[in-house]
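Peer 1: Shown below is the structure under consideration.
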Amino acid sequence: MTELTAEQIDTGPRSGWQAPNLWWLVLPAVLFLILFFLIPVLSLFATSFDKAFAGVITFQGNLTWDNYERIFTRALYYKAIYKSVFLGVAVSLICLVIGYPLAYVIARTLRPGTATLLTILVLASMQLDMVIRLYGMMVLMGDNGLINNGLTALGIISEPLPLMYNDFGVVVGLVQVTLPFMILSLIGAIKSINPALEEAARSLGSSRWHVMRTITWPLSLPGVYAGTLLVFALAISSYVVPALMGGWKVITLPIHIYQQIAEVGRWQFGAAVAVILFLTSLFAMTIYILALRRNAGGRV
Amino acid sequence: MSDVKPIPLTFRIIAGIALLVLLVPVSIVVMAGFNSGEFLRFPPDGLSLRWIKEFFVSQTFLPAFKMSFGLALATTFVSTVLGTLASVFLTRSTSRWREMLRALFIMPVILPGVVLGLALYVFYIWTDLGLARSLPGLLIGHVLVTMPFVIATVTASLVDFDLSIEEAARALGASPLQAFMKVTLPNITPGIMAGTIFAFIVSFGQFELTLFLSTPDLQTLPIAIYTSLRYAFEPTAAAAGIFAIFLVTVSTLLTSRLVNLKKLLRRH
Amino acid sequence: MSDIRLENLTKTYGHTHAVEAVTLKIEEGEFYALLGPSGCGKSTTLRMVAGFVMPSMGRIWIGGQDVTPLPPEKRDIGIVFQNYAIFPHMNVAENIAFGLKLRKQSRAQIETSVKAALDQVGLTGFGDRYQRNLSGGQQQRVALARVLVTKPRILLLDEPLSALDKALREEMKFWIKNLQQELGITTIYVTHDQDEALTMSDRIGVMRAGHVEQSGTPREIYEEPATLFVTSFIGQSNVLDVTCLEAGEGRATVRLADTVLKAGLRHRVPVGAGAKLVIRPENVLMGAEAEATGVPLLEARVLGETYQGAMLRYRLDVAGQELVAERQNQMHLACWEPGATVKIGWTPERARLLPAG
Ligand SMILES: Nc1ncnc2c1ncn2[C@@H]1O[C@H](COP(=O)(O)OP(=O)(O)OP(=O)(O)O)[C@@H](O)[C@H]1O
Ligand SMILES: [Mg+2]
């Protein structure tokens, strides 16, 4: 065989077999997303800059900042933003306070059966249709509901307590539907803390609470941030919870969007509110994903 | 054992409260569905199958349940096929677009349901292809929000899959496609099935997106219950809920058998 | 014509040169070991031969055919992975039948071959077991049987013994070697264990940082290491600083302390400059033995002695340089206490001169 020159020996660019062309695998999904996700969302953006015209959906092309100006200048609208953010913060904090102990129990119980059972309960309650869970909440908390009914029967109260159709009801409802997400975010973070660290601190003379405060809690912070942001994003985006538990009296951004469209027919304005909601939730979610990535060391 | 590392009592109590918050509403739905009276009160009236029977002849809830079930089946089929193919790309490709695509694929669940519903509805009206308030239009929306779940689970099982097994098949004479079909696919089937179940459940309980895309004659179960809840607490709705609860519990148990829950949690 | 030929084989990942300009010829029926420390590019080389990694540069010939552009399934190779890669969803028989089915053999044919293969690897009656019910050694045998039934032209093994415990490793070492000889199949064997390489191979390629530093028979590698790296990686060696006085055909004259010595030479070593003299501990003669052979003698001081059963090891000081000598622990041979002085020496053929650095 004749000697080869360096040029002949160079196999050149990757030939087909090493990295087989995989694009056809992802193409259907990508086309689907471009057509039914990217384009619609961008259209919504465009609509939000179109001049508001009650009852007209189609794009007219009269670009204007009017819709956004209205949101930030009229009390009614920025109050809705404020209300959404306030509820989101309250719900995140409550979920953290009541979710952390349960996550801790699941992550640290020595009985594997208990951990599996609790995990399945949390997963199942997360997956169950929200409207069905809200049905249960409403039967429990209504003026004529189980709580008021029971307390009246026991003679403790004479007037029903206002548990629903107000901020309180919405917060309780949102906590119910978002709590599993908080717990799932926390379990992973707490589990990844080496129990030997806690034991080492105990052996050095720390009390159980001191260990919790100085070791467990700080090390689980990535999960805490992730869970809090996720719950916040879910809470401010929810339409069905404020609609049912707030009885249209608690006006949040999603409620606002629906009202603008279903009742007033102002699509362009509704679109602008939707964009604001989207950006707020995208911001929280982006930080959430970044926190999660750091937590998982790039595995996600 | 439990006194080696006791969980503080305060923690146990709060954990109990959290568990109550999660489970009480569900129990109430079950109680309301099996209650003999018109309205659940304290103490309850007694047990009966009255509302379950009512559900089976209901003009609203039974068709809605069937509608939800059928829609979820169709959705699951489409998103499992599209999502599994995409997952293979996401785990095998070395393309520099991979990370961008990965981000694109989770976007639909990041977007608030109301926003996505509105965007799709506006798009359907603009394009005027007859998708607005139609079954295909609804299906498209559901595929969008379920595909990320399929991609997440299938990607996870592909990442865990030991590539040398597929390489062994190649060395034994299998083409890339043969190796994938005969060796890889059978081994990631549990992951795909878990993704399928996830997709089914998400579609079955989907509400906010559906709100913009359904019509009175295309009512899904969540929409039907929501509509009835705005006027009264119909026990028939609770009876329908019992079937949904059963469906979800069975599928969660199934998922936990199929995939290692611990692995799943690490990724959350 | 050699059976496997690698020509200027190179693989780069970004800025890492995993394999750099490897050129090798492996003869038909030869058992060739690629030996080197972790991360030196052994697996990458093997995977290029198998077709799982596309070379950045270079060509691969198998049996005279340029297979560089061929996918793994077209190369007619058999590969056994470190973790054996038994298909977990198939039983042992189905695993072994996998390659035969792809070759469209008849059912009866497959059944006979599978049975013969199971007998060959000593797993008669294990056909319906699954991977999870097999020990490491059994999985190893299944992996080999699965590959061998397809009668590949060459056999590639990537650290096949590293997952086994020590006793089993010894057993499998001889078993694999015997099987290979029986079949006369050209084999590349990747390992980081010098014992495996020395005892099993016909020839060894010692790799370091993507290069093949030396390729030769176990004896050549051990007795005539070409570089300091090979010297220190295979067995144990004393490396002494010397000055080269004269370099001739295969022989050099050097000065160590005040003594003039001769040593074997394979490389260009500049005359008058510093160089390294390499001598294995077992080749260092001590006391009467050294004096009897008439080699140039050096004065050494005993620093310490280690008892190793059949062997005695001495740490010696020769003009400020430390040296280890090993000798049989036999009654008739003398012993030295730490602090004693002793004459040492070695036959020139046993010592090698290598360029410094
Ligand atoms: N796919 C890859 N991408 C980037 N770098 C790689 C890849 N595969 C191997 N490398 C790098 O190439 C070098 C050689 O790797 P290789 O696996 O061939 O080593 P090895 O000799 O088999 O080591 P070991 O004994 O640990 O198996 C290493 O530095 C490794 O990090
Ligand atoms: Mg290796």
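Peer 1: Within region A:253-300, restricting attention to residues that are at the interface with chain B (Cβ under 10 Å from one of its Cβ atoms) and outside any helix (DSSP H, G or I), which residue is modelled with the highest pLDDT?
Peer 2: Across region A:253-300, the extreme among qualifying residues is A:Arg299.
Peer 1: With the requirement that a residue be within 16 Å of ligand 2 (Cβ to nearest atom) and hydroxyl-bearing (Ser, Thr, Tyr), what does region C:140-168 give you?
Peer 2: C:Ser162
Peer 1: Among the listed residues C:Arg255, C:Arg280, which satisfies the condition of being touching a residue at least 24 places away in the same chain (Cβ under 8 Å) and either surrounded by 15 or more Cβ atoms within 10 Å (Cβ to Cβ) or in the same structural domain as C:Cys335 (by TED's automatic domain parsing) (or both)? Can you show your working first?
Peer 2: Details: C:Arg255 fails: touching a residue at least 24 places away in the same chain (Cβ under 8 Å).
From the options C:Arg255, C:Arg280, the qualifying one is C:Arg280.
Peer 1: Return the only residue of C:Leu70, C:Leu46 being assigned to a loop (DSSP other than H, G, I, E, B) and either out of contact with any Pro (no Cβ under 7 Å at 6 or more places or on another chain) or within 16 Å of ligand 1 (Cβ to nearest atom) (or both).
Peer 2: Values: C:Leu46 fails: assigned to a loop (DSSP other than H, G, I, E, B).
Result: C:Leu70 is the single residue among C:Leu70, C:Leu46 that is assigned to a loop (DSSP other than H, G, I, E, B) and either out of contact with any Pro (no Cβ under 7 Å at 6 or more places or on another chain) or within 16 Å of ligand 1 (Cβ to nearest atom) (or both).
Peer 1: Among the residues of region B:40-80, how many are within 8 Å of chain A (Cβ to nearest Cβ) and crowded, with 16+ Cβ neighbours inside 10 Å?
Peer 2: Residues flagged as within 8 Å of chain A (Cβ to nearest Cβ) and crowded, with 16+ Cβ neighbours inside 10 Å within region B:40-80 amount to 2.
Rundown of residues vs (1) more than 16 Å from ligand 2 (Cβ to nearest atom); (2) touching a residue at least 24 places away in the same chain (Cβ under 8 Å); (3) farther than 15 Å from C:Leu144 by Cα; (4) touching a Cys at 6+ places or on another chain (Cβ under 7 Å), yes/no style:
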{"site": "C:Leu179", "(1), (2), (3), (4)": "yes, yes, no, no"}
{"site": "C:Glu182", "(1), (2), (3), (4)": "yes, no, no, no"}
{"site": "C:Asp195", "(1), (2), (3), (4)": "yes, no, yes, no"}
{"site": "C:Ile204", "(1), (2), (3), (4)": "yes, yes, yes, no"}
{"site": "C:Ala209", "(1), (2), (3), (4)": "no, yes, yes, yes"}
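Peer 1: Looking at region C:13-26, is at least one residue more than 16 Å from ligand 2 (Cβ to nearest atom), within 13 Å of chain A (Cβ to nearest Cβ), buried (at least 22 other Cβ atoms within 10 Å of the Cβ) and more than 15 Å from C:Tyr189 (Cα to Cα)?
Peer 2: Looking for residues that are more than 16 Å from ligand 2 (Cβ to nearest atom), within 13 Å of chain A (Cβ to nearest Cβ), buried (at least 22 other Cβ atoms within 10 Å of the Cβ) and more than 15 Å from C:Tyr189 (Cα to Cα), one finds none in region C:13-26, hence no.
Peer 1: Go over the candidates C:Asp241, C:Asp158, C:Asp195, C:Asp165 one by one and state the one that is surrounded by fewer than 17 Cβ atoms within 10 Å (Cβ to Cβ) and either of a type in the set (A, V, I, L, M) or within 16 Å of ligand 1 (Cβ to nearest atom) (or both).
Peer 2: Numbers: C:Asp241 fails: either of a type in the set (A, V, I, L, M) or within 16 Å of ligand 1 (Cβ to nearest atom) (or both); C:Asp158 fails: surrounded by fewer than 17 Cβ atoms within 10 Å (Cβ to Cβ); C:Asp165 fails: either of a type in the set (A, V, I, L, M) or within 16 Å of ligand 1 (Cβ to nearest atom) (or both).
Result: C:Asp195 is the single residue among C:Asp241, C:Asp158, C:Asp195, C:Asp165 that is surrounded by fewer than 17 Cβ atoms within 10 Å (Cβ to Cβ) and either of a type in the set (A, V, I, L, M) or within 16 Å of ligand 1 (Cβ to nearest atom) (or both).
Peer 1: Would you point out the residue of region B:91-118, among those that are touching a Ser or Thr at 6+ places or on another chain (Cβ under 8 Å) and crowded, with 23+ Cβ neighbours inside 10 Å, that is farthest from the other protein chains (Cβ to nearest Cβ)?
Peer 2: Here the answer is B:Gly117.
Peer 1: What is the number of the single condition among (1) part of a loop (DSSP other than H, G, I, E, B); (2) touching a strand residue (DSSP E or B) at 6+ places or on another chain (Cβ under 7 Å); (3) away from ligand 1 (no atom under 15 Å from the Cβ) that C:Pro55 does not meet?
Peer 2: For C:Pro55, the exception is condition (3).
Peer 1: What is the residue count in region C:27-48 for residues that are within 16 Å of ligand 2 (Cβ to nearest atom), in contact (Cβ under 8 Å) with a residue 40 or more places away in the chain and surrounded by fewer than 16 Cβ atoms within 10 Å (Cβ to Cβ)?
Peer 2: The number of residues fulfilling the criteria is 2.
Peer 1: Please determine whether any residue of region C:121-139 is assigned by TED's automatic domain parsing to the domain that holds C:Arg75, in contact with a Lys or Arg (Cβ under 9 Å, 6 or more places away or on another chain), within 16 Å of ligand 2 (Cβ to nearest atom) and not in a helix (DSSP H, G or I).
Peer 2: No.
Peer 1: Select from region B:199-232 the residues that are within 8 Å of chain A (Cβ to nearest Cβ) and of a type outside the set (Val, Ile, Thr) and list them in ascending order.
Peer 2: The answer is B:Phe204, B:Gly205, B:Phe207, B:Glu208, B:Leu211, B:Leu221, B:Pro222, B:Tyr226, B:Leu229, B:Arg230.
Peer 1: Could I ask something else about it? Would you pick out the residues in region A:47-71 that are at negative phi, more than 12 Å from chain B (Cβ to nearest Cβ) and part of a loop (DSSP other than H, G, I, E, B)? Spell out how you get there, then give the answer.
Peer 2: Filtering region A:47-71 down to residues at negative phi leaves A:47-54, A:56-60, A:62-71.
Filter once more, keeping what is more than 12 Å from chain B (Cβ to nearest Cβ): A:49, A:51-54, A:62-71.
Result: A:Phe49, A:Lys51, A:Ala52, A:Phe53, A:Ala54, A:Asn62, A:Thr64, A:Trp65.
Peer 1: Within region A:224-240, which residues are within 10 Å of chain B (Cβ to nearest Cβ) and assigned to a helix (DSSP H, G or I)? Spell out the reasoning first.
Peer 2: Residues of region A:224-240 that are within 10 Å of chain B (Cβ to nearest Cβ), as a first pass: A:226-227, A:230, A:233-234, A:236-240.
Selection gives A:Ala226, A:Gly227, A:Leu230, A:Ala233, A:Leu234, A:Ile236, A:Ser237, A:Val240.
Peer 1: Tell me whether region B:142-150 contains one or more residues that are more than 20 Å from B:Thr210 (Cβ to Cβ) and out of contact with any Leu (no Cβ under 6 Å at 6 or more places or on another chain). It would help to see each step written out before you state the result.
Peer 2: Pass one, region B:142-150, residues more than 20 Å from B:Thr210 (Cβ to Cβ): none.
No: zero hits.
The values are calculated or read from the model by the stated rules, or taken from the named source; none is laboratory data. Because the structure is predicted, anything quoted here is derived from the model rather than measured. FYI the Cβ positions are ideal-geometry reconstructions off the backbone, even for glycines, and counts take in every protein chain you see.
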